Each structure stands twice: as structure tokens, then as C-alpha cells.
Amino acid sequence: MAGASQELGLPAGNNAVSPLVCGGVPNGIAFAFANAVGDSPDTLCWLAAQGAGFLVGLEPVYACGDVMTLLPGCLPKAFLDADSQCGTNAPLPRLCGGQTQNSYQALLSLLPEAGTPASGAAALLSLALLARQRAARAMRGASAR
């Protein structure tokens with residue numbers, strides 16, 4: 001999460017780059033270009049989380065609030081626990097089979113069993129899911145008061 005796309009020989013204006021391969025890319029690398037994003041921590045976090053999602057085999061979805069969308073806005077985004085149509089700028093068939101993607105459930109299915117260490121993108125996504133669960137519990141506790 002730094003720099004600009006031109007430093008990798010890519011055209012200016014790319015906010016992020018990551019591979020999209022069915023089944024994921026073990027030990028893959030994704031880039032989120034902070035210089036292209038400017039002063040938007042939510043956008044930078046979205047792009048970094050999205051890159052990790054692509055590395056574990058998730059596809060783009062046509063749902064503005066999901067981390068895996070390419071649609072701008074709807075910040076902050078989350079890995080939604082909902083069946084979302086795949087697509088980039090319009091609904092499209094899934095590249096890796098099926099009709100829809102539930103980003104949240106797909107990530108849960110990738111997490112290692114309790115006590116097994118996670119590495120790479122799976123470790124990052126494990127932390128993101130844990131943070132989401134803790135935030136949800138804190139919100140429920142605050143609203144019960």
C-alpha cells in the first residue's frame with residue numbers, strides 16, 4: 001500500500017492491481033496505490049482488502065457495499081453476508097462457476113480450523129473477519145445500554 005501504478009510500469013490512474021484466478025493465487029501479491037487514492041483511508045483499506053479477496057479466489061461483485069465490488073462509493077465497504085450478482089460495471093456471469101457470490105461466507109470457508117495458523121491473504125482476511133465480529137458485538141452491546 002504505497003506509491004503509484006507508474007512505478008510498476010502501469011498506466012497512471014490505476015488504484016490497485018491484483019490477479020483474478022479461480023481458486024486463488026497462493027503467496028500472490030496485490031498492490032493498492034496510495035498515491036492514486038489520495039487522502040481517503042476508507043478507499044485505501046477497501047482496495048487492500050479487495051486485493052486480498054482476489055488473491056484467495058473471490059470475484060468482483062455488482063453490489064456497491066461489498067469489498068469485492070469495483071463500483072465506487074458506498075464507503076466503508078464490508079465483505080457482505082449476502083448472495084450478490086457478480087460483475088464489474090454491470091451484472092455478469094461468474095467466471096469461476098455458479099450464479100452469485102457471498103463474499104463473507106466464501107471467506108469463512110477459507111479460514112483454517114481453530115488452532116491452525118493462517119498465512120498470506122488468509123491471515124489478513126482472518127483478521128478482517130475477527131475485527132468485524134468484534135465491532136458487531138460492541139455495537140450490539142452499546143445499543144443494549
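We did not get these values from a lab; they are worked out from the coordinates using the rules stated. Just so you know, these numbers come straight off a predicted model, no measurement behind them. Note that each Cβ is placed from the backbone with ideal geometry, even for glycine, and that neighbours are counted across all protein chains shown.
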A correct fewest-to-most ranking of M68, M1 by other Cβ atoms within 10 Å would be M1, M68
Sort R94, R137 so the one with the fewest other Cβ atoms within 10 Å of its own Cβ comes first.
-> R137, R94
Expressed in µm² per second, the diffusion coefficient of region 35-92 from the Stokes-Einstein equation, with Rh the Kirkwood radius over alpha carbon pairs, at 20 °C and 1.002 mPa s, is 187 µm²/s
Could you list, bin by bin from short to long, the percent of Cα-Cα pairs of region 1-121 in 10 Å steps?
-> 14, 43, 34, 9, 0
May I ask you to order 73-82, 7-16, 28-37, 50-59 by the average number of other C-beta atoms within 10 Å around their residues, highest value first?
-> 50-59, 28-37, 73-82, 7-16
One finds the C-alpha centres of region 85-99 and region 1-65 to be spaced, in Å, by 19 Å
